[in-house]
Amino acid sequence: KADISIKNQHLSLMFDGNTGMLKSMKNLNSGASIPLQQTFQYYIGHPGNSSVKRFQASGAYVFRPLTSASLDFQPTLKKKTLYVQGQLVQEIWQQFSPWVSQVVRLYDQAKYAELEWTVGPIPVSDGKGKEVITKYSTGLQTNGVFYTDANGREILKRVRNHRATWELKTSEPVAANYYPINSRVYINDNKTQFTVMTDRSQGGSSLQDGNIEVMLHRRLLYDDNLGVGEALNETGADGKGLIARGKHYLLLDTVQNSGALHREMGLRLYMAPSLSFTNSQMKQQEWS
Amino acid sequence: LNIQVLKEAMGVAQHHDAVSGTEKQAVAYDYAMRLSRGNYECQKVVNDAYKKLFPKQKEVPPNQMFCNLLNISMCQATENNKQFTMTVYNPLGRAVSHWVRLPVIGKSYVITDPNGKSVPSQVLPISNVTKNIPERKGSLAENELVFQVALPPLGFSTFFIKMSQQSIKKQRSVVGQID
């Protein structure tokens, strides 16, 4: 039941011994340290009324949760966590529900923590479309500010419940504050920056100070009446909902160091080496 | 001519529906098919390039196989061969190191880099979550082989990987349950 820590030369991650959940993250070089909780939750998609846009459904074009509160997975469901230790990589395997799981990895010498999430097939037999998010809570005092690279070119400053060129009035604070994330989203205070890099374009926000949430997978039952003409409800090879798998890379450092860190990481991720194989029986000596 | 197939598929995918994912499902399948064909044709080009770049050999060099399903730990080339080579191309203009995870059937492997040096590796079990992904049906791999490769700028390195009967203690992973 003791807390479990995995660490390499640069980073340390602490997990709660009782729940198996992430508890804190520390950069061993700069000393930057944050409490870090991560949860998986979901929104119920708004079912809408396809004939009246005012009561619009959540769908392919529109993210519109039924309520502003995201829901936890069934609390009665026991979370299951395994850890794998080795010389090159340490892993924590987390199971949040029968259809949501994650592997947290720390490679030798790596300056990032890798989180591989697997979500789906999202059950919809209760007649409710669901939109699954992961939420990182850091405790950083961010004053409603977060940053995304949503235009695909530059990092843009986002301010919660605010638009730079007009006065925003919203009754739907979740949808109104979601922005596209092409490759990265980050938050910081005066000293410390927490960055999440994604392996694909996703949506995300910071709905409370110190938090980042990222949309992972959606399965919805109603058309949003904006042109596509069908619900966002793709099925996989077995006819059930699709299983989505992807990675988040977490970086923690001082504000000063973080720009170089996430840009260097971006090059590595988005111009990654390509692999190919042969069944050649040739030995290295013969090859050389 | 080969890369034109992918260029045209990418051209089609500049439509706003493909960029944002607001296309109908049937159209999504069509986009995926076009991109898949383009990807396949470009892999032929890479194959031809490697045949010119590799050291001269007495026999015709074997075709390169590409593993598009490594994200669900599935790869025919690594699962069905006890011995194989892996060539890794680095598109960046500077040297990088890169972590590789390969689905395998064995529990112990010997890896040699292009200079004949042994590469440290670790073998981990594949989780039940991964094994239960329906698209992975037919995969034989029970484990993943993890190791780090060092790559030259804008260049490639070839690694030689062979299943070992010896039990190498340091390759093993220790698995425990928290609760």
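Every number in this text was worked out from the coordinates using simple rules, so none of it is lab data. As the structure is a prediction and not an experimental result, all values here were calculated from the model. Cβ: placed from backbone, ideal geometry, glycine included. Neighbour counts: every protein chain shown.
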*Candidates A:SER5, A:SER24, filtered to the one that is within 19 Å of A:TYR107 (Cβ to Cβ), without any contact (Cβ under 8 Å) to a residue 60 or more places away in the chain, of a type in the set (S, T, N, Q) and touching a strand residue (DSSP E or B) at 6+ places or on another chain (Cβ under 8 Å)*: A:SER5
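How about segment A:73-188: which strands (runs of 3 or more DSSP E) wholly inside it have at least 1 residues that are within 13 Å of chain B (Cβ to nearest Cβ) and touching a Leu at 6+ places or on another chain (Cβ under 8 Å)?
Answer list for segment A:73-188: A:80-85, A:89-97, A:100-107, A:113-119.
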*Quickly run through segment A:211-230 and pick out the residues that are part of a loop (DSSP other than H, G, I, E, B) and surrounded by fewer than 21 Cβ atoms within 10 Å (Cβ to Cβ).*
A:LEU221, A:TYR222, A:ASP223, A:ASN225, A:LEU226, A:GLY227, A:VAL228, A:GLY229, A:GLU230
*Scan segment A:208-234 residue by residue and report those that are more than 9 Å from chain B (Cβ to nearest Cβ) and among the β-branched types (Val, Ile, Thr).*
A:ILE212, A:VAL214
*Taking only segment B:107-116 into account, find how many residues are more than 9 Å from chain A (Cβ to nearest Cβ) and either touching a helix residue (DSSP H, G or I) at 6+ places or on another chain (Cβ under 7 Å) or surrounded by fewer than 16 Cβ atoms within 10 Å (Cβ to Cβ) (or both).*
1
*asked:* I'd like to know if segment A:241-253 contains one or more residues that are facing another protein chain (nearest Cβ under 8 Å), free of Cβ contacts under 8 Å to residues at least 60 places away in the same chain and of a type in the set (A, V, I, L, M, F, W, C).
replied: no
*If you check every pair at least six apart or on different chains, which have Cβ atoms under 6 Å apart with a residue in segment A:152-175 that is touching a residue at least 60 places away in the same chain (Cβ under 8 Å) first and a residue that is surrounded by 12 or more Cβ atoms within 10 Å (Cβ to Cβ) and assigned to a loop (DSSP other than H, G, I, E, B) second?*
A:PRO173/A:SER68; A:VAL174/A:SER68; A:ALA175/A:PHE63; A:ALA175/A:ARG64
*Tally of residues being touching an Asp or Glu at 6+ places or on another chain (Cβ under 9 Å) and either of a type outside the set (D, E, K, R) or at positive phi (or both) across segment A:181-192*: 6
*Considering only residues of segment A:2-42 that are polar (S, T, N, Q) and within 14 Å of chain B (Cβ to nearest Cβ), which is surrounded by the most Cβ atoms within 10 Å (Cβ to Cβ)?*
A:ASN8
